[in-house]
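The values are calculated or read from the model by the stated rules, or taken from the named source; none is laboratory data. Source: prediction; values computed, not measured. Cβ sites come from the backbone with ideal geometry, for glycine too, and all protein chains shown count toward neighbours.
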Amino acid sequence: MDKNDTLRITLGDWQWNAALIGFINIVGKDHVHLSKNTVEFSADLLEDFEEKYFGYLIGTYEKTLSWHKIVSMMDRLEAYENSGFENFNSEALKSLNTYIKDVKRYLKSNSYKAAYELVASEMDMLSLEKQLTLLKEPKNQQQFESDRLKTIADLRPALAVLKQIIAYCARSEGKRYIGAKNIIYTVINNAWNGVSFLNPQTKIKDVYADYKAYFVDEAIDYIQQDKRKYKYQCFICDAPIKDMSNDLSFLNATGFDVARKSSHVWDFQNDIAICPLCKLVYSCLPAGMAYVYDRGIYVNANINIEDAFNINYVIKQRILGNQEGSPRSIYPALVGALHRQEHQVSQYDFADIQVVRYENGAYRFNIVSRKILEIIMESREDLDRLIKAAFIENGMNVRVHDEVITRIFNNQNLFTLIHRMLYHKLSSPGNCYFHGGHLTSLLKINQQIYMRLGGMKVENEKENRKRNAAIIWAARKAGEGLRTRYKVKDAHHKLPGICYRLLNALKTSNKDMFMDVALNCYLYVKNPVPEVLTSALSNDKDFSTMGYAFVAALIDEATGERENTAPQDEQEVLA
Ligand SMILES: [Zn+2]
């Protein structure tokens, strides 16, 4: 075989497929031929592969990189100067200081220091970093105005330093090496580790040259070798290989690590070796998954390679392609892509697809069946309403939309989630970024889950949905009415205690306890018990739906409606 030959690669398990999609992304879909479950390409596509590799990843994730944070400030700095700092105010000063803090942190990090060695420039970035100091922030706008001239005078030298830093980063070599370092420690290391430029002991400083030597040159050499006398076989493609030197242990979370744990693994696992070409393809895994910082997703649609490419392309577009530059959450992107997929394949039989997520250093798998897809499609509007809903639990930002999708994937109903949310709303309303409308959406989605997964008769779908909506509506009305009456009696301080008791009753499905508490409330305000409370008792699900809708409305919304301004829990980790 020689360099001009056609190479053919076939789909396999999810990780191989994701890597193969990554390979196609890197070389460009126009340069390969896709048919059914194989991809064909000319071997000369492997020339300069290291450039294509980093080029694709830097281009795709550009707006998420700290490199981009540094250089994207140039326009604003120039606008300040050109306008003679006309619109420069205390807010602008604050945000400039935040920027300076970030820039100083980036410039001192080890990965930036390593990049400076590769950029041919006399500029001493570490000394520029030292020259860059935070600007003094006046206490208030008044003081800002009186100190204005001095502040601006202090600003000019800082801007001069910043502009030198930005110019250094923005030049093509700056982007090439700093961008590559950013990509290695925010994207690539999610997929693999320990070899080539991610081997702490590597002798090659230039990450492009390192990748080329370890992955690309080996693959090209291998293609050109006469393999007739090789005794072993590649675990992936069955091609003959000379020895067992390449294995899968450089891939994260594959379950075994031949080099480090050889005494603990079964003998047969040491038999897993791959050819250099398959190793090169596996190194493309980070280009196949779609990452939001340290979380990733890949949809393994095994229908054919074209579909697999398209659905993952859409997900990546939706996650990374928004205007603001900050990547979106993974699940709304997935829901959008599944919706599109649904339209495209509706005329064919829908095959179950596998959703692979990378979270907390491990892969998690879900099968999206026809029924699960139906729930997601039928609940699309309610799901969209939940995108900004969140609450903080144990210091963590919990996204309601993602929690709902996880439960749908795991065939679980939403009552425990609703319970947690209401409990937090009572105990720490300041940590809750959702309102009653969000809970109504949850109860409606929950109905879909019961209908599709709980074996309810689908013939009665419309009727069921109507009945459920009526229960939610009536229970909310009842809750709001009771709350108003407590307020009139100036007794609304009693409501949190009542809500806790009602939630306890709901948690244990204790209808008697629930009715006891409710009856006492209505006795207290001298009002008859609304019919919805008693009529929902005949059925466990109706009881929970009614109960949670009732409690949701009963909880005082004194804090007003708040959208999610919860702190973002995702930040680039600097190496
Ligand atoms: Zn192979």
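So which residues in segment 363-381 are outside any helix (DSSP H, G or I) and among the hydrophobic types (A, V, I, L, M, F, W, C)?
Once the filter is applied, which keeps residues that are outside any helix (DSSP H, G or I) and among the hydrophobic types (A, V, I, L, M, F, W, C), segment 363-381 yields Phe365, Ile367, Val368.
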Name the residues in segment 83-137 that are assigned to a helix (DSSP H, G or I), touching a residue at least 24 places away in the same chain (Cβ under 8 Å) and acidic (Asp, Glu), would you?
Asp102, Glu129
Of the residues in segment 160-198, those that are among the aliphatic types (A, V, I, L, M), farther than 24 Å from Lys104 by Cβ and in a helix (DSSP H, G or I) number 2
Against the conditions (1) assigned to a helix (DSSP H, G or I); (2) within 39 Å of the chain's Cα centre (by Cα), where does Met513 fall short? Just the number, please.
(2)
All-but-one check, Asn312 against (1) farther than 30 Å from Ile241 by Cα; (2) within 16 Å of the ligand (Cβ to nearest atom); (3) among the polar types (S, T, N, Q), failing number (2)
Of the residues Leu96, Leu134, Leu162, which single one is modelled with pLDDT of 90 or more, closer than 30 Å to Thr186 by Cα and out of contact with any Lys or Arg (no Cβ under 9 Å at 6 or more places or on another chain)?
Leu162
Test for Ile236: is it part of a loop (DSSP other than H, G, I, E, B), in contact with an Asp or Glu (Cβ under 6 Å, 6 or more places away or on another chain) and more than 30 Å from Glu81 (Cα to Cα)
no
Among the numbered criteria (1) surrounded by fewer than 20 Cβ atoms within 10 Å (Cβ to Cβ); (2) not in a loop (DSSP other than H, G, I, E, B), which single criterion is violated by Gln201?
(2)
Quick check on Leu422: is it in the same structural domain as Ala536 (by TED's automatic domain parsing), closer than 24 Å to Pro530 by Cβ and assigned to a helix (DSSP H, G or I)?
yes
Please state which one of Arg318, Arg328 is at pLDDT below 60, among the basic types (Lys, Arg), more than 16 Å from the ligand (Cβ to nearest atom) and within 24 Å of His401 (Cα to Cα).
Arg328
Could you please give the count of residues in segment 231-247 that are within 16 Å of Trp16 (Cβ to Cβ) and more than 11 Å from the ligand (Cβ to nearest atom)?
1
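Search segment 2-33 for residues being over 19 Å from Leu57 (Cα atoms) and β-branched (Val, Ile, Thr), and hand back the single one that is surrounded by the most Cβ atoms within 10 Å (Cβ to Cβ). Step through it out loud before you land on a result.
Within segment 2-33, the first condition is being over 19 Å from Leu57 (Cα atoms), and the residues that meet it are 2-14, 33.
When the remaining residues are screened for being β-branched (Val, Ile, Thr), the result is 6, 9-10.
Values: Thr6: 10, Ile9: 22, Thr10: 14.
By that ranking, first place goes to Ile9.
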Of the conditions (1) free of Cβ contacts under 8 Å to residues at least 60 places away in the same chain; (2) within 16 Å of the ligand (Cβ to nearest atom), Gln224 clears all except one; give me its number.
(1)
Looking at Val356, Val281, which is the one that is within 16 Å of the ligand (Cβ to nearest atom), of a type outside the set (Gly, Ala, Ser), under 26 Å from Ile58 (Cβ atoms) and at pLDDT 85 or above?
Val281
Extreme residue, nearest to Tyr358 (Cα to Cα), among residues of segment 252-278 that are at pLDDT 90 or above, within 16 Å of the ligand (Cβ to nearest atom) and not β-branched (Val, Ile, Thr):
Cys278
Can you tell me how many residues in segment 191-221 are within 15 Å of the ligand (Cβ to nearest atom) and of a type in the set (Phe, Trp, Tyr)?
1
